[in-house]
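The structure is given below, and queries will be raised subsequently.
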Amino acid sequence: MFPWIVLVVSGLFETVWATALAASDGLRRPLPALVFVLGCATSMGGLAVALRSIPVGTGYAMWTGVGAIGTAVYGMAVLGEPATAARILCLGLIISGIVGLKLLH
């Protein structure tokens, strides 16, 4: 169970580094650039730990899915990106795929 928790947390840190990268204005703003570097290192480090016991295909798909969902939700909730029914449906499909990968592991 521990590797799966590490994997999900690492996916959430993918959201951190992605949003920090956007906020860094092309790495020109020091604080968001630092958050990007630390978030990226934390995310990749957690992925590396999780992949010790989770197959790489399943782990990577789950990691990117959690990061993509987190980043999209952050964009809609905080940055004012459109929260259309179609976008929410697509995020639901990603979640379905993640759940499927976990159940079929």
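The values are calculated or read from the model by the stated rules, or taken from the named source; none is laboratory data. Bear in mind that the values here come from a model prediction, so they are computed numbers and not experimental data. For neighbour counting, all protein chains shown are included, and Cβ atoms are generated from backbone atoms with ideal geometry for every residue, glycine included.
Can you tell me which of LEU27, LEU21, LEU34, LEU38 is part of a loop (DSSP other than H, G, I, E, B) and free of Cβ contacts under 8 Å to residues at least 24 places away in the same chain?
Criteria check complete, one pass: LEU27.
Separate question: Looking at (1) more than 16 Å from ILE5 (Cα to Cα); (2) surrounded by 11 or more Cβ atoms within 10 Å (Cβ to Cβ); (3) modelled with pLDDT of 95 or more, which one does GLY97 not meet, given that it meets all the others?
Going through the list (1) more than 16 Å from ILE5 (Cα to Cα); (2) surrounded by 11 or more Cβ atoms within 10 Å (Cβ to Cβ); (3) modelled with pLDDT of 95 or more, GLY97 breaks only (3).
Within the range 2-10, is there a residue that is without any contact (Cβ under 8 Å) to a residue 12 or more places away in the chain and more than 18 Å from ILE94 (Cβ to Cβ)?
yes
Here is a further query. I'd like the residue in the range 57-92 that is within 22 Å of SER10 (Cβ to Cβ) and exposed (fewer than 11 other Cβ atoms within 10 Å of the Cβ) and, out of all such residues, is modelled with the lowest pLDDT.
Here the answer is GLY57.
What tally of residues in the range 46-56 results from selecting those that are in a helix (DSSP H, G or I) and surrounded by 13 or more Cβ atoms within 10 Å (Cβ to Cβ)?
Number of matching residues: 4.
Of everything in the range 20-64, what is within 13 Å of LYS102 (Cα to Cα) and among the β-branched types (Val, Ile, Thr)? Give them in sequence order.
Within the range 20-64, ILE54, VAL56, THR58 qualify.
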